[in-house]
């Protein structure tokens, strides 16, 4: 057997995915828009072997057991069923960024796993089919399959809910500066949180309002209108966190420093510095900016003692096979 | 002319008032429940004088001009119209607690003003009529007119939206420890915020869910069930702040320390200490507790360097005339 390797980038959502209409199929409650993050990546190799008695999943050099390993095996079963193959697999995965800290590691993980395993099984799948399969592993992974700026369709059937590129990475050189205020793993995973979303009395209203936000965000990207993007991205972040904090149990991912940055970043923008915050299911603050303003934003972020690290990413490519 | 003096207490809402169905009449979008705060008070004297050319409003020893004075004069006009009196008034008001910092100073202010001015004008009004009039000055003032634990009806007509006592102060000796993390005046007043509430895509859902929360809260008070009260009060707080932060413009009243206390107080409760947080339109954290637990809660709050002051209140009486 040969080993196949794929690389995928995590993505940062501008319009957030939060909550499912179908938890098993991971059909989202609302559509979403994101940007792949070049520079941050998951690199995953897959090898199917008739001699193996069980799947083996090694992450960051450590053989995984329990939930993480089961989630990978469940995903491999989907692909094995499509290929008509029963062989178990050896999966080795490496991330070059902190895992489980709101930097969408499950997005790049399941995008890379899907692309690597599909190729290793000899499945010749179009981007759309890969996006659908990746979605089954982790909803936002559907968005790490296509390139650049990506939109994921809300739909009621498995085959209709996939992501597609609305603009290539070269379209607009946005910069994402990720201010790490706490790189530790979060207490409630995004997958678990997505199931809780419907327990908030506010989720239905957030979902009903999503088409308006998607339209504003899509237009801002296509027109490269930073101010318009900033306003809708920050609004959408607050809406998602409003739902999180009012779900039962309540989820509050923010640290005190998260709140400080949420307050000061719009002030910086009002003062003429193009920057905007967005926050996933974690305490870290993604500061969007433009090439000409990124250095100044980064300088200001470094003045916060609680910001332990700043990651920098540009629009990234989609998931793809690379030499092993 | 004689001078008439009234005292009223601010109140802390357990189920919050946020947003109006009628901004002029201050008819609320949803019903609310609160507790009057004994120990904190507004003391207001009113004297109508045919010699006066204009209303005079003195607050904390300082003659007021502009918006604050206009709001008082507008309120006096309502009462003058009822009494058929045109005389201007001398109003002197004192608070023994910080003003405009999320401790409902406008509630006690307009309750005391209404009761003092109505008496000075010779109007003999029932509690219900005083509550309705106080509401016209500041919505939550309607709740500072009756005693103890108070519920304010949502209604579509002026004469139907008043507050009434659901239990006297002696019913349940709850303690409210108000942790002051920032005693300065807030940037957006509650009155302005209430007008913005409808700009949040989440407000309608919060309002639609209010009957459920009112039922849970009313029952918890009547049954003196602290755990049930704690859960619904904290949930309701998060719902109001979710609407605030998603209104346009976004309102975030929290300081980083507010967030810290919101995280730790439920942990204290899980550890067996009866306490619960609730937060009005400001950064300060009201920590509800019981007589037997208040001292320990206060001790723990004092360990936070950002908590500059702790106010302590029990269930209070309604607004009433006192010797001048």
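Things worth noting here:
- All positions within region B:1-21 that are over 16 Å from residue B:112 (Cα atoms) and in a strand (DSSP E or B): B:12, B:13, B:14, B:15, B:20, B:21
- Qualifying strands (runs of 3 or more DSSP E) (wholly inside region B:22-117; at least 2 residues being in contact with a helix residue (DSSP H, G or I) (Cβ under 9 Å, 6 or more places away or on another chain) and touching a residue at least 60 places away in the same chain (Cβ under 8 Å)): B:32-38, B:42-49
Yes/no per residue for (1) crowded, with 18+ Cβ neighbours inside 10 Å; (2) more than 22 Å from the chain's Cα centre (by Cα); (3) within 11 Å of chain B (Cβ to nearest Cβ); (4) at pLDDT below 95:
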| position | (1), (2), (3), (4) |
| --- | --- |
| A:280 | yes, no, no, yes |
| A:287 | yes, no, no, no |
| A:311 | yes, no, no, yes |
| A:322 | no, no, no, no |
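- If you go through region B:267-277 and pick out every residue that is within 25 Å of residue B:171 (Cα to Cα) and either within 14 Å of chain A (Cβ to nearest Cβ) or assigned to a loop (DSSP other than H, G, I, E, B) (or both), you end up with 6.
- Tally of residues being within 12 Å of chain B (Cβ to nearest Cβ) and in a helix (DSSP H, G or I) across region A:233-264: 21
- Top-ranked residue in region B:294-309 [being part of a helix (DSSP H, G or I) and touching a residue at least 60 places away in the same chain (Cβ under 8 Å); ranked as surrounded by the fewest Cβ atoms within 10 Å (Cβ to Cβ)]: B:298
- The residue of region A:180-208 that is nearest to the other protein chains (Cβ to nearest Cβ), among those that are out of contact with any helix residue (DSSP H, G or I) (no Cβ under 6 Å at 6 or more places or on another chain), within 23 Å of residue A:26 (Cα to Cα) and in a loop (DSSP other than H, G, I, E, B), is A:187.
- Test result for residue A:275, within 26 Å of residue B:261 (Cα to Cα), crowded, with 18+ Cβ neighbours inside 10 Å and in contact (Cβ under 8 Å) with a residue 24 or more places away in the chain: no
- Within region B:209-230, the set of residues being in contact (Cβ under 8 Å) with a residue 40 or more places away in the chain and within 14 Å of chain A (Cβ to nearest Cβ) comprises B:210, B:211, B:213, B:214, B:230.
The values are calculated or read from the model by the stated rules, or taken from the named source; none is laboratory data. As the structure is a computational prediction, the values presented were derived from the model and not from experiment. Note that each Cβ is placed from the backbone with ideal geometry, even for glycine, and that neighbours are counted across all protein chains shown.
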